[in-house]
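Report on the structure given below.
The values are calculated or read from the model by the stated rules, or taken from the named source; none is laboratory data. No experiment lies behind these values; they were computed from the predicted model shown. In this analysis, Cβ positions are derived from the backbone assuming ideal geometry, glycine residues included, and neighbour counts consider all displayed protein chains.
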Amino acid sequence: MSIPVTTLIGSPRRLVTTIVLFVALDLSVLVINLWLGEQLARDAVAINLAGRQRMLSQQTTKALLLSIGATNPDDAALALQEFNTAFGLFTQTLTAFANGGKARGGDGAEVSLQPVKGEAIHVVSAARDIVAPVERLLAAPESAGPMPGPQFVQAADYMVRNNQELLVLMNSLTTALERDSVRRARDLRAIQTGAFILALGNFLAIVVGLLRQFRAVESDNHQWRQLARHDPLTSLPNRKAFTEAAQGVLTRAEMDKSAGAVLMLDLDGFKPINDSFGHATGDRILIALAETLASTARATDVVTRLGGDEFAMLCPKLHGEDDIRHFCHRLLAAIELIPDRICPGSRLGASIGIAVYPDAGYNLDHLLGRADKAMYAAKQAGGSRWKVA
């Protein structure tokens with residue numbers, strides 16, 4: 001069974017282990033392919049030799065009959081030579097089938113045979129029992145003379161009588177070897193398929209694991225980028241992100257000759273709340289203020305926390321005294337309601353300084369500086385109000 005993906009992505013070491021396992025399984029598939037090819041080649045040789053045994057049994061009987069029926073020594077000698085060659089190959093091959101060992105192929109080259117198994121063992125044993133009397137007859141001393149002795153007559157008579165049974169046995173041997181070859185190939189292919197499926201399963205697990213790890217890394221990178229560009233308490237864009245966004249807006253505004261405003265906002269009454277109720281309550285006030293600014297702002301506005309209880313807003317196309325007044329009144333009214341749900345009985349306000357462009361130019365630092373001065377002027381005037389630079 002392939003290693004679960006959840007286990008893979010839990011440890012780089014486990015992932016490496018699975019990769020090594022995949023390589024091992026892949027190599028095992030290759031080894032099985034080579035083994036299967038070798039086995040099929042051996043089986044093909046054995047089947048061919050079993051088929052040749054049928055021909056050799058017929059050739060042996062024919063050569064014996066020719067030798068005893070020859071009318072002159074030369075014909076008898078040729079027939080005996082043919083018999084010795086055919087019978088020698090036949091018995092050598094039977095012995096190799098029975099015990100394993102060397103035999104000669106059709107081209108005269110040596111081939112190795114494995115001992116037969118199953119049904120083929122009984123077939124080979126029966127065939128060896130049939131030819132054993134012929135071997136014993138021919139092992140007896142020959143009578144002097146140019147023509148074959150009586151043992152060859154007996155051997156020929158014996159082979160004729162048992163020729164059909166020997167032929168049937170050799171046919172059975174061929175069939176048994178073919179059947180064993182098919183079964184062995186089927187078993188090896190089953191093992192090969194299993195190894196391939198395991199390798200494929202582990203490969204897919206590796207791919208999925210790597211993809212999940214990649215996504216996890218991408219998620220971590222995204223979170224780090226978010227942290228690098230957002231205030232950790234309020235989740236508003238930090239000064240760096242605000243500066244990049246605001247400069248892009250101001251550049252487009254300068255090209256379009258459009259107007260807008262930059263607001264600096266500082267809370268009034270925040271320090272008493274922080275001192276009386278603690279920093280945790282103060283943090284809740286700041287979070288609520290960030291939510292208020294974000295909900296009050298328009299879709300095109302950019303809001304940031306500069307630090308402490310100081311915030312800034314860039315509001316494209318916010319211009320004209322009436323628009324600025326209405327916008328600031330909404331902000332101040334929303335800010336005054338914040339303590340009611342966090343620390344009832346406390347009072348909270350804000351001093352807002354505003355710099356407008358293009359009157360004050362399109363340089364962000366210059367606009368922030370003018371808005372900051374206007375904010376302090378509003379605070380010195382009593383707070384909870386707004387003032388345009």
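Just checking, does the range 66-76 include any residue being closer than 20 Å to Q164 by Cα and either modelled with pLDDT under 90 or part of a helix (DSSP H, G or I) (or both)? Within the range 66-76, one or more residues are closer than 20 Å to Q164 by Cα and either modelled with pLDDT under 90 or part of a helix (DSSP H, G or I) (or both). Exactly one residue among R330, R325, R347, R298 is under 23 Å from D256 (Cα atoms) and among the basic types (K, R), and that residue is R298.
Is it the case that some residue within the range 343-353 is touching a Lys or Arg at 6+ places or on another chain (Cβ under 7 Å) and of a type in the set (S, T, N, Q)? Within the range 343-353, one or more residues are touching a Lys or Arg at 6+ places or on another chain (Cβ under 7 Å) and of a type in the set (S, T, N, Q).
Could you look through the range 283-329, keep only residues that are of a type in the set (D, E, K, R) and within 50 Å of the chain's Cα centre (by Cα), and pick out the one that is surrounded by the most Cβ atoms within 10 Å (Cβ to Cβ)?
Looking at residues that are of a type in the set (D, E, K, R) and within 50 Å of the chain's Cα centre (by Cα), I get R305.
Note on the range 15-62: among residues that are of a type in the set (S, T, Y) and modelled with pLDDT of 70 or more, the one that is surrounded by the fewest Cβ atoms within 10 Å (Cβ to Cβ) is T17. Residues being under 54 Å from the mean Cα position of the chain (by Cα), surrounded by fewer than 18 Cβ atoms within 10 Å (Cβ to Cβ), of a type outside the set (F, W, Y) and not in a helix (DSSP H, G or I) are entirely absent from the range 382-389.
Which numbered condition in (1) within 58 Å of the chain's Cα centre (by Cα); (2) more than 28 Å from I273 (Cα to Cα); (3) assigned to a helix (DSSP H, G or I) is the only one that R370 fails? Every condition holds for R370 apart from (1).
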